[in-house]
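The values are calculated or read from the model by the stated rules, or taken from the named source; none is laboratory data. Computed from a predicted structure; not experimentally measured. Cβ: placed from backbone, ideal geometry, glycine included. Neighbour counts: every protein chain shown. With ligands, DNA and RNA removed, areas are computed over all heavy atoms of the protein, side chains included. Shrake-Rupley method; radii C 1.70, N 1.55, O 1.52, S 1.80 Å.
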Amino acid sequence: MNDRLSARERVSGLCDVLAARTGTDARDWFPVFKARYGMQVAFDVIEGRHGRGAVMTQLFTCCTAVDPIVCTGFAPRYADVDADTLSIDTDSAKRLADADDDLRAVMLQHTFGLIDDASSRRLTAFARERGALVIEDCAHCVTRMARDGGGTPLADISVHSFGVEKILPTRFGGAIWINPKLAETDPQLDSDLRRHLGRLPRPTKRIGMVTRLYVNENRILSRLPGGSGGALRSLLTNIGLYEPPIAEAERRGGLAYEPMGMTPWMARRATAGIDGLDANETGRRRVTAIYRDGLHGLGDVHIPGRILDGEAQPLLRFPLFAQDTQQAERIIAAVRAVGGYAERWYRPELFPGVTDEHAYGLDALDRSTVQVTGRLVEGAVSLPTEVSLDRAGEIVTAVRGAAA
Ligand SMILES: Cc1ncc(COP(=O)(O)O)c(C=O)c1O
């Protein structure tokens, strides 16, 4: 019975919950296997319609956010980030924008789920002036999007992830939202995007199997003695029995597969995850507020200004920036000692670091244009937000002790 349904019909329940949660139309949502493949389709279609050119993005991100840009032949232009929003600094974008460049798109990334509507609007205005599309990266804040003063989403294309170490416990899947206004400004691009995203092939049986096995495989691998779990994980990956969050090819500027859609199982899990998103976000907001209040004014440790103002946001991780890498490592060790899994995201840049600098245009990068990014990367620490309130309090004490 399920086989008689079209690819779109099999995931229509997911499109409905995405639309309901965001106040948008289900017809504008397109589920994909991972967000990176949705981005790849978007760039392929942009290339087909407008030709290659440059895409402005940031180094303070995961390599899988840049792979779709470089593997489709676009030139990445790395703007500096604003230390208070962790997104592209519009002044840096303006300085970087070279009159000869065919700037096709600007990435508006809500790093760790931090959304700043005011600077998002400035970056959007800059992109529009340059005739570039705004592609919003909501990988860290599924269903939360930057909006204009009237509450309408700003981006032309918005990218959401249900993947590993993101907001939902789903581990696979993503979705692309296409702003219906694109049909007025670039009708051909709008219809090409919808056609390609609406007809993605279903993942193979092997992918269907390894995605279902993923959680149990990790459970077993993490219990194996010594370093044998890591070696077995690599072996299983090589023979196609384990789906790694980031493939080797994805650290060399490529992507592991051709674009594909979701399996019905992934769509059901994502739908259930979105149904539980209120509770998920409430917990993260509370923990974010504890960190913010407990760590505010902590000497040399920087907390992005946008986190300190207004209502606490349901962050994926709470970012802190130590004075240097040594201090960052002391903080990470102290937090882990109290049972909080502090991370190094995004140290190194294009996390977890790339193995082919040329593929990402890093060999040609003038580092003086990304100095803020460089400083943030050196001291980067990110605290978990999916912990109990008591644990969050202990983490605050641990950070304060280690930073002193
Ligand atoms: C900022 C950012 N964008 C995009 C992605 C890609 O998401 P997915 O894993 O669903 O392909 C990631 C994944 O780590 C990310 O961190």
Residue list for the range 152-161, filter: under 15 Å from M262 (Cβ atoms) and either among the polar types (S, T, N, Q) or within 7 Å of the ligand (Cβ to nearest atom) (or both): V159, S161
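Which members of the range 298-346 meet the condition of being part of a loop (DSSP other than H, G, I, E, B), open to solvent by 30 Å² or more (accessible area, probe 1.4 Å) and more than 19 Å from E394 (Cβ to Cβ)?
Hits for the range 298-346 are G299, D300, D309, G310, E311, Q323, D324, R344.
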Residue in the range 230-245 that is touching a Cys at 6+ places or on another chain (Cβ under 7 Å) and not charged (D, E, K, R) present: no
Counted residues, the range 299-330 - those being of a type outside the set (A, V, I, L, M) and within 30 Å of G276 (Cβ to Cβ): 10
Strands (runs of 3 or more DSSP E) wholly inside the range 68-183 that include at least 3 residues being within 24 Å of R8 (Cα to Cα): 133-138, 157-161, 174-178
Flag for A83 being more than 14 Å from the ligand (Cβ to nearest atom), surrounded by fewer than 24 Cβ atoms within 10 Å (Cβ to Cβ) and either of a type outside the set (V, I, T) or modelled with pLDDT of 95 or more (or both): yes
Among (1) small (G, A, S); (2) within 13 Å of V81 (Cα to Cα); (3) open to solvent by 10 Å² or more (accessible area, probe 1.4 Å) - the single one S120 does not satisfy: (3)
Answer from G149, G226 - the residue that is loosely packed, with under 15 Cβ neighbours inside 10 Å, away from the ligand (no atom under 16 Å from the Cβ) and closer than 30 Å to M107 by Cβ: G149
Within the range 254-293, tally of residues that are in contact with a Gly (Cβ under 9 Å, 6 or more places away or on another chain), open to solvent by 20 Å² or more (accessible area, probe 1.4 Å) and of a type in the set (S, T, N, Q): 2
Answer from L197, L182 - the residue that is modelled with pLDDT of 95 or more and within 16 Å of the ligand (Cβ to nearest atom): L197
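State whether one or more residues within the range 51-64 are closer than 30 Å to S382 by Cβ, touching a residue at least 24 places away in the same chain (Cβ under 8 Å), open to solvent by 10 Å² or more (accessible area, probe 1.4 Å) and within 12 Å of the ligand (Cβ to nearest atom).
Yes, because at least one residue in the range 51-64 is closer than 30 Å to S382 by Cβ, touching a residue at least 24 places away in the same chain (Cβ under 8 Å), open to solvent by 10 Å² or more (accessible area, probe 1.4 Å) and within 12 Å of the ligand (Cβ to nearest atom).
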Matching residues, the range 104-117, being open to solvent by 10 Å² or more (accessible area, probe 1.4 Å) and farther than 14 Å from L86 by Cα: R104
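Condition first: more than 24 Å from R251 (Cβ to Cβ) and either open to solvent by 20 Å² or more (accessible area, probe 1.4 Å) or within 18 Å of the chain's Cα centre (by Cα) (or both). Now tell me which residues in the range 86-103 satisfy that.
Within the range 86-103, D89, D91, K94, R95, L96, A97, D98, A99, D100, D101, D102 qualify.
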